[in-house]
1. Tell me the residue from Ala37, Ala20 that is open to solvent by less than 10 Å² (accessible area, probe 1.4 Å), without any contact (Cβ under 8 Å) to a residue 60 or more places away in the chain and more than 24 Å from Thr120 (Cα to Cα), please.
2. I'd like to check something: does the range 94-106 contain any residue that is within 19 Å of the chain's Cα centre (by Cα), acidic (Asp, Glu) and surrounded by fewer than 21 Cβ atoms within 10 Å (Cβ to Cβ)?
3. If we keep just the residues of the range 288-321 that are over 16 Å from Glu206 (Cα atoms) and not in a helix (DSSP H, G or I), which is farthest from the chain's Cα centre (by Cα)?
4. Report whether or not Gly110 is under 21 Å from the mean Cα position of the chain (by Cα) and surrounded by fewer than 24 Cβ atoms within 10 Å (Cβ to Cβ).
5. Condition test on Leu58, is it open to solvent by less than 90 Å² (accessible area, probe 1.4 Å), within 13 Å of the ligand (Cβ to nearest atom) and either in contact with a helix residue (DSSP H, G or I) (Cβ under 7 Å, 6 or more places away or on another chain) or within 25 Å of Ser131 (Cβ to Cβ) (or both)?
6. Hey, among the residues in the range 15-48 that are more than 10 Å from the ligand (Cβ to nearest atom), hydrophobic (A, V, I, L, M, F, W, C) and not in a loop (DSSP other than H, G, I, E, B), which one's nearest to the chain's Cα centre (by Cα)?
7. Looking for something near the ligand (Cβ under 9 Å from one of its atoms) and more than 21 Å from Gly67 (Cα to Cα) - is there at least one such residue anywhere in the range 164-171?
8. Somewhere in the range 92-113, is a residue of a type in the set (D, E, K, R), in contact (Cβ under 8 Å) with a residue 60 or more places away in the chain and near the ligand (Cβ under 10 Å from one of its atoms)?
Amino acid sequence: MPKKKAIITGITGQDGSYLAELLIQKDYEIHGVVRRASTFNRGRIDHLNSDESNPDCLVHLHYGDLGDSNSLLRIIHDVKPDEIYNLAAQSHVGVSFEMPEYTGDITALGTTRLLEALRTSKLPAKFYQASSSELYGKTTSERQDEETPFYPRSPYGCAKAYAYYLTRNYRESYGMYAVNGILFNHESPRRGENFEAKRDWGYAPEFVEGMWKMLQCPEPEDYVLATGRTASVREFLELCMKHLHINYERKGSGKDETYTDTKTGKKIVALDPLYNRPAEVDFLLGDASKAKKKLGWEAKTSIEELAKIMLEADCRKQGVQLN
Ligand code: NAP
């Protein structure tokens, strides 16, 4: 049996790197789309051998960009994939307020370019679109599932809404196997360090398994992936401090809230106004019942475990010994 071939856009990102690892385990031939950058930005996939001259090469990398249709057409033509995972995006909500036009070009129109490249190739490849819980934004529903109306609150959310509807539209108009995974926040030690923390928090390696499962079904459908538990940034922070055995005192409220280490008297946490946004998403809590029923997928890592995993990874990176 020839190996299945998958193209992953955004392979250098958090999810792309975990998905590549998962598909290697499943014996896929993996092709990643990478952007040219002046400094090397492949830290998350360095451990996967992408050296073509090496017979053990695990990941084939192709230069391409969601802003450049020709590169996408060329890669699809050369690879002839069975599955395409579109994980690339200008994925930072805060940055999307600074660069709304660029965010629309890459996150929204980039999906059009990729879907159109696949459609014109006439290949029967299955297509996964990385949709986001940011679609729900200022939702009034207590829990959000596949039927909950969207109310995006950022240029990023608006661009993801466009990409979501276009993916559905290609499925309905052309009969393509194109699905949306509406993923709630998922973190890992590979998360970019300037990402703002959010609410329904899961563990990224489990979520990429859900992506793969969505492309193994008899019929293409959209799915929510979430933990179904919600936690505030404050709770997450306090879990980390508990794990570090730090006794703290919380003072002030709102933008003046601070944490002090009671042993040293040092202020250890304060809010950075850099992360304030013109419009905020207040509360998100996903309902992944459909994924559980139809895909047999369920989030397993608890928020306590996630805080521990991320804290330990950070300490390792900083050379700090935990006792
Ligand atoms: P990430 O770490 O920010 O990775 C984004 C990837 O997109 C990077 O590989 C980046 O490449 C690539 N990229 C950006 N612009 C590109 C362009 N113009 N052409 C080609 N590639 C480009 O994101 P993530 O956390 O792995 O998330 C993966 C996807 O899921 C994203 O679409 C995100 O919006 C979505 N999502 C994430 C979450 C979450 O909680 N993580 C939740 C819901 C949805 P460089 O390395 O070159 O910058």
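1. Ala20
2. Yes, the range 94-106 contains a residue that is within 19 Å of the chain's Cα centre (by Cα), acidic (Asp, Glu) and surrounded by fewer than 21 Cβ atoms within 10 Å (Cβ to Cβ).
3. Looking at residues that are over 16 Å from Glu206 (Cα atoms) and not in a helix (DSSP H, G or I), I get Gln321.
4. Judged against the criteria, Gly110 is not a match.
5. no
6. This residue is Ala20.
7. No, the range 164-171 has no match at all.
8. Taking the range 92-113 as the starting set, the residues that turn out to be of a type in the set (D, E, K, R) are 98, 101, 105, 113.
Pick out the ones that are also in contact (Cβ under 8 Å) with a residue 60 or more places away in the chain and you get none.
Scanning the range 92-113, I find no residue that is of a type in the set (D, E, K, R), in contact (Cβ under 8 Å) with a residue 60 or more places away in the chain and near the ligand (Cβ under 10 Å from one of its atoms), so the answer is no.
The values are calculated or read from the model by the stated rules, or taken from the named source; none is laboratory data. All values reported here derive from a predicted model rather than from experimental measurement. Heads up, the Cβs are rebuilt from the backbone with ideal geometry, glycines too, and the neighbour counts pull from every protein chain shown. To get the accessible areas, we keep the full protein, side chains included, count just its heavy atoms, and leave off ligands, DNA and RNA. Shrake-Rupley method; radii C 1.70, N 1.55, O 1.52, S 1.80 Å.
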